[in-house]
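Chemist: The structure is given below, and queries will be raised subsequently.
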Amino acid sequence: MILSTKQKRSTKRIILAFIVLTIISLLVNFYVLSIFIGGNENSKAAPSVAASTSIKTNRSNNKNEPSLDFAIIGFAKTGTTFLHDILANHSQVIMYDDEFWGDGNMLRRWLNKTTVMAGKSSLNETNREQPQPTTKRRGIKCPRIVKETARLDQLLNNTSRVIVGVRHPVHWFESLYNYRIWQKHEKKRHNTKPPLRFLHNNRTDWLGLSTGAARFDLYLKQLGKVPLSPDELQHMTRVNKVYGVMTSTAHHEQHPMKVLLYSMEQIKDSNSQRRLHFQHTLQQFLKLDTPLHDLATKEKVNVNNFQHSENIDICEEQYREIRNTLVWQGKHASEWIRNKFMKSEDVVVSDVGFMNEVLGRWGVDPCDEKSS
């Protein structure tokens with residue numbers, strides 16, 4: 001069959017259109033394929049979902065962003081409010097007014113605000129609208145972070161420093177229990193008080209209170225100062241399942257964040273030489289140019305003098321089993337802290353000898369010492 005000239009032209013147009021569409025389709029497929037390959041290559045360099053939950057992989061390194069200099073991260077009832085007030089009264093420190101409960105966005109807003117406030121007195125001579133970096137140290141108190149270390153990703157960076165206080169587990173348990181009773185009656189908070197036996201066998205956790213929550217070593221392991229063996233990681237997982245302790249084996253990788261470890265005995269030490277040495281250590285740790293106020297001159301805060309029938313005296317015989325559990329745990333916790341945690345280059349301790357002496361008493365019932 002012979003095609004007319006008109007038909008030939010129409011056929012050519014159809015063939016040309018087909019060729020153009022084929023080329024366009026190939027180009028689109030090539031582009032999509034290149035993105036897919038590029039995405040895979042980038043994903044190899046990026047941390048995995050599991051790795052991104054570790055402390056060291058999710059920190060901002062943008063030097064132009066304001067950053068937090070330090071945080072008092074725990075433990076509760078170890079003098080954290082006292083230290084907050086001491087530091088807040090230092091001319092070179094800006095502390096968040098209250099206990100910090102916000103997220104990373106809230107912290108950035110506060111940091112931006114304090115950057116402007118601190119920079120108003122030091123404007124650039126060439127551009128007086130731009131505040132200059134300040135030498136003031138900015139800090140927060142958030143004593144739950146030590147037990148919720150995933151929040152460290154949101155609030156701290158690699159240059160931030162953390163302050164951690166510890167206390168004899170028996171005294172800690174009594175103090176926090178009676179503090180919860182005070183909150184229940186005076187502040188009308190936490191009205192549902194679980195039976196004490198549930199806190200002993202870890203059937204429940206009363207806002208961070210249980211015998212299992214006194215395993216300070218488990219939480220310190222998450223700060224990444226000491227490499228953990230596979231057995232230790234398995235133990236943390238097992239303890240988490242059995243006792244309900246909020247630990248995460250995802251937060252054990254090492255990172256450069258410095259830690260100042262102190263004991264309750266150091267901030268209320270009657271030995272003036274040791275106390276002043278601790279103050280000097282804290283001053284150097286925070287890179288302050290001038291000394292802190294003498295801790296002995298500052299009135300203690302959050303001291304629970306509230307008397308109520310629900311308060312406990314941990315030294316009473318009816319609480320001996322609880323004390324036995326806390327002392328047994330304390331012995332093992334203190335051994336790990338002394339033999340491993342304190343030997344890390346990233347951990348600062350004011351007086352190693354005194355700290356070893358204090359921690360060594362965790363394996364002894366303080367009520368027995370008191371009665372003898």
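The values are calculated or read from the model by the stated rules, or taken from the named source; none is laboratory data. A quick note: this is a predicted structure, and the numbers were derived from the prediction, not measured. Please note: Cβ atoms are built from the backbone with ideal geometry, for glycine as well, and neighbour counts cover all protein chains shown. Side chains are part of the model used for accessible areas, which takes the heavy atoms of the whole protein and leaves out ligands, DNA and RNA. Shrake-Rupley method; radii C 1.70, N 1.55, O 1.52, S 1.80 Å.
Chemist: Please go through (1) open to solvent by 10 Å² or more (accessible area, probe 1.4 Å); (2) of a type outside the set (D, E, K, R); (3) over 16 Å from residue 147 (Cβ atoms) for residue 170 and return the number of the only condition it doesn't satisfy.
Modeler: (1)
Chemist: Please count how many residues of region 282-298 are closer than 16 Å to residue 84 by Cα, at pLDDT 95 or above and part of a helix (DSSP H, G or I).
Modeler: Residues in region 282-298 being closer than 16 Å to residue 84 by Cα, at pLDDT 95 or above and part of a helix (DSSP H, G or I): 3 in total.
Chemist: Please specify each residue of region 188-207 satisfying the condition of being farther than 19 Å from residue 327 by Cα and either polar (S, T, N, Q) or open to solvent by less than 50 Å² (accessible area, probe 1.4 Å) (or both).
Modeler: 191, 192, 194, 195, 204, 206
Chemist: If you check residue 231 against the conditions, is it of a type in the set (D, E, K, R) and farther than 30 Å from residue 368 by Cα? Before you say what the answer is, go through the steps one by one.
Modeler: Details: of a type in the set (D, E, K, R): yes; farther than 30 Å from residue 368 by Cα: yes.
Yes.
Chemist: Note down all Cβ pairs under 7 Å where the first residue falls in region 92-108 and is outside any strand (DSSP E or B), the second is hydrophobic (A, V, I, L, M, F, W, C), and they're at least six residues apart or on different chains.
Modeler: As it stands, the answer is 92/288; 100/140; 100/142; 104/155; 107/68; 107/155, since those pairs meet every condition given.
Chemist: Same structure, new question: I need the full set of residues from region 267-293 which are in contact with a Lys or Arg (Cβ under 8 Å, 6 or more places away or on another chain) and farther than 28 Å from residue 182 by Cα, in order please.
Modeler: 285, 286, 287, 288
Chemist: Counting residues that are of a type in the set (S, T, N, Q) and out of contact with any Cys (no Cβ under 6 Å at 6 or more places or on another chain), which helices (runs of 4 or more DSSP H) fully inside region 133-216 reach at least 3?
Modeler: Details: elements: 152-155, 169-186, 196-200.
Those helices (runs of 4 or more DSSP H) span 169-186.
Chemist: Let me ask something additional. Would you tally the residues in region 294-327 being open to solvent by 60 Å² or more (accessible area, probe 1.4 Å) and under 26 Å from the mean Cα position of the chain (by Cα)?
Modeler: Of the residues in region 294-327, 3 are open to solvent by 60 Å² or more (accessible area, probe 1.4 Å) and under 26 Å from the mean Cα position of the chain (by Cα).
Chemist: Follow-up. Name the residue, out of 345, 357, that is open to solvent by 20 Å² or more (accessible area, probe 1.4 Å), among the acidic types (Asp, Glu), without any contact (Cβ under 8 Å) to a residue 12 or more places away in the chain and more than 17 Å from residue 259 (Cβ to Cβ). Please lay out each step first, then the result.
Modeler: Numbers: 345 fails: more than 17 Å from residue 259 (Cβ to Cβ).
Selected residue: 357, the only one of 345, 357 that is open to solvent by 20 Å² or more (accessible area, probe 1.4 Å), among the acidic types (Asp, Glu), without any contact (Cβ under 8 Å) to a residue 12 or more places away in the chain and more than 17 Å from residue 259 (Cβ to Cβ).
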